[in-house]
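Working notes, structure below.
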């Protein structure tokens, strides 16, 4: 089975810009969750997508938005980037009824300057 | 809300030493508990899990027991290797009712020296 693939692996953006991060879920998984991991901290839940709809959201402002596509892949969009958005963004796919089957990608390292 | 607290690192050990990383949690329901490991430059890998009280999760020589009475899930390994150097995260999932999301602790960096 294929794992979770995230792209790009690294990118640098300027404050105020917009960014789109992509995630391909593991084969057989229908749910995608996004997490933000600031340097030296644990991952923080951003939101989850199931059946192409947002299904739960953490404490993140509306400028963090997402999409899930019919093939279960997903995008994370961040508008009006701030310096504090610099972090590792992790995507995790799972099957809805199996919370113990999260598979994480290697992440996208975003640096905002 | 849910929260996970784990001991701060870094934890520096010699090879073959005993490792313990403390983890306690606060949750409204009956969560599943997990330990994830993150190697440099990589994403998170599930190390072990326990889904109910008194369950013991184990994998690769690591063990953790779900203690409901002390709301703890401490990670242990009897004899560490250099290859165990990584960051370890304790996490909980409170199930579908709470949104099927993982709540993580802050991570504990472990460095094993030869």
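Details
- Out of B:41, B:107, sole residue that is at positive phi, within 11 Å of chain A (Cβ to nearest Cβ) and either surrounded by fewer than 17 Cβ atoms within 10 Å (Cβ to Cβ) or without any contact (Cβ under 8 Å) to a residue 24 or more places away in the chain (or both): B:41
This table checks each residue for (1) under 17 Å from residue A:37 (Cβ atoms); (2) touching a residue at least 40 places away in the same chain (Cβ under 8 Å); (3) within 10 Å of chain A (Cβ to nearest Cβ); (4) surrounded by 21 or more Cβ atoms within 10 Å (Cβ to Cβ).
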| residue | (1), (2), (3), (4) |
| --- | --- |
| B:3 | yes, yes, no, no |
| B:16 | no, yes, no, no |
| B:27 | no, yes, no, no |
| B:31 | no, yes, yes, yes |
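- Test set (1) assigned to a strand (DSSP E or B); (2) more than 25 Å from residue B:37 (Cβ to Cβ) - residue A:90 fails condition number: (2)
- Flag for residue A:76 being part of a strand (DSSP E or B), within 19 Å of residue A:13 (Cβ to Cβ) and facing chain B (nearest Cβ under 10 Å): no
- Those residues of region A:38-57 which are farther than 20 Å from residue A:82 by Cα and outside any loop (DSSP other than H, G, I, E, B), in sequence order: A:48, A:49, A:50, A:53, A:54, A:55, A:56
- Residues within region B:55-76 that are within 12 Å of residue B:19 (Cα to Cα) and either crowded, with 20+ Cβ neighbours inside 10 Å or more than 12 Å from the chain's Cα centre (by Cα) (or both), tallied: 4
- Of the residues making up region A:14-28, one or more are buried (at least 21 other Cβ atoms within 10 Å of the Cβ) and either within 30 Å of residue B:10 (Cα to Cα) or over 13 Å from the mean Cα position of the chain (by Cα) (or both).
- Tally of residues being touching a strand residue (DSSP E or B) at 6+ places or on another chain (Cβ under 7 Å) and outside any strand (DSSP E or B) across region B:19-46: 5
- Among the residues of region A:40-67, those identified as more than 10 Å from the chain's Cα centre (by Cα), without any contact (Cβ under 8 Å) to a residue 40 or more places away in the chain and within 11 Å of chain B (Cβ to nearest Cβ) are A:40, A:41, A:42, A:44, A:54, A:55, A:56, A:57, A:58, A:59.
- Given (1) in contact (Cβ under 8 Å) with a residue 24 or more places away in the chain; (2) within 12 Å of chain A (Cβ to nearest Cβ), number of the condition residue B:77 does not satisfy: (2)
Just so you know, all these numbers are worked out from the coordinates, no wet-lab data involved. Treat the numbers as computed from the prediction; the structure is a model and nothing was measured. Glycine also receives a Cβ, built like all others from the backbone with ideal geometry; neighbour counts cover every protein chain displayed.
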